[in-house]
Amino acid sequence: MITTIGFPFDDHSSFLRGPAKGPAAIRKAFHSPSSNYFSETGTDLQDHLSLVDVGDLDLSDTQKIIEKISKKVEEIVKKSSKIVCLGGDHSITYPIIKGVSAHYDNLNILHIDAHADVYDDFEGNKFSHACPFARIMESKLAKRLVQVGIRTLNDHQRNQIKKFGIETIEMRDWTDHHKLKFDGPLYISLDMDAFDPAYAPGVSHHEPGGFTTRQVISLIQNLEANIIGADIVELNPDRDVNGITATLAAKMYKEIHAKMINPKTRDD
Ligand code: MN
Ligand code: MN
């Protein structure tokens, strides 16, 4: 079973608020009659027996957010084994991985983002949306972290990447048909600003020079991996244009689900 849950939280955003409205916008786009429920690869997600959506976690009381999210995720993964999380800003990924790693040893993470999000702290906040992968790596919650789409590294972040042994494929080095292969369970963390702002204007941090829609879809479809969890974060509906970015997030939601249900690649 694959359980969807939303985390409407953006208190750890450093620049703009808005991603708390992400889960509702993604669900609305997913259920919009402007498209159907089929993935490109032929999986019908409408009333699919292995999918459930438990709605949003109530995070209106912002005390103990990390404990609340990680406890809930742990509970879901115990029951359902696989999870898809809708954000929310990227700070939610640290508590999500805390919950997921309670059930999966040797966890791999594929992080798709314009930013490495490995600051030791950002403007005094250790749990900023600019820090989750520093917290994950120093807590040794993942055996392997691969980052793609990255195009904003400063010296501090390069040092952090070296220190934690992160495999960062910078956007300037990306080539299409780059096949990514993972042994053991894989969690995908998709920050919507990994896409070029031309494709995804509805994010807080516009960083030019990013992925096309097709590049990220192909990357997911060509993965050789057993995906046990994913998040789609940093959609900021306040910045979106005609729901383009919400529709893209919903499409990624479909393609990631389809790949979780049927991990085969075209070459298998
Ligand atoms: Mn991010
Ligand atoms: Mn980002």
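The values are calculated or read from the model by the stated rules, or taken from the named source; none is laboratory data. The shown structure was predicted, so the numbers you read here are calculated from the model rather than taken from an experiment. Methodologically, a virtual Cβ is constructed for each residue, glycine included, from the backbone with ideal geometry; neighbour enumeration extends over all protein chains shown.
Laid out as a table, the results:
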item	result
Pairs where the first residue, in the stretch 88-117, is in a helix (DSSP H, G or I) and the second is within 12 Å of ligand 1 (Cβ to nearest atom) and among the hydroxyl-bearing types (Ser, Thr, Tyr), C-beta under 8 Å, 6+ apart	His90/Ser189; Ser91/Ser13; Ser91/Ser128; Thr93/Ser189
Residues within the stretch 128-139 that are part of a loop (DSSP other than H, G, I, E, B), over 13 Å from the mean Cα position of the chain (by Cα) and within 16 Å of ligand 2 (Cβ to nearest atom), tallied	3
Hits in the stretch 1-24 (condition: of a type in the set (Gly, Ala, Ser), part of a loop (DSSP other than H, G, I, E, B) and modelled with pLDDT of 95 or more)	Gly18
Residue ID - farthest from ligand 2 (Cβ to nearest atom), chosen from residues in the stretch 106-127 that are surrounded by 22 or more Cβ atoms within 10 Å (Cβ to Cβ) and among the acidic types (Asp, Glu)	Asp117
Test: Asp193 is out of contact with any helix residue (DSSP H, G or I) (no Cβ under 8 Å at 6 or more places or on another chain), within 16 Å of ligand 1 (Cβ to nearest atom) and closer than 19 Å to Arg17 by Cα	yes
Subset of the stretch 73-95 [modelled with pLDDT of 95 or more and among the basic types (Lys, Arg)]	Lys78, Lys82
Tally, over the stretch 25-45, of residues that are over 12 Å from Gly243 (Cβ atoms) and not in a loop (DSSP other than H, G, I, E, B)	3
Qualifying positions in the stretch 224-239 - surrounded by fewer than 24 Cβ atoms within 10 Å (Cβ to Cβ) and away from ligand 1 (no atom under 16 Å from the Cβ)	Glu224, Ala225, Asn226, Ile227, Ile228, Pro237, Asp238
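Quick grid of which residues meet (1) closer than 23 Å to Leu86 by Cβ; (2) touching a residue at least 24 places away in the same chain (Cβ under 8 Å); (3) away from ligand 1 (no atom under 16 Å from the Cβ); (4) in contact with an Asp or Glu (Cβ under 6 Å, 6 or more places away or on another chain):
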{"site": "Glu170", "(1), (2), (3), (4)": "no, no, no, no"}
{"site": "Ile217", "(1), (2), (3), (4)": "yes, yes, yes, yes"}
{"site": "Ala249", "(1), (2), (3), (4)": "yes, yes, no, no"}
{"site": "Met252", "(1), (2), (3), (4)": "yes, yes, no, no"}
{"site": "Ile261", "(1), (2), (3), (4)": "yes, yes, yes, no"}
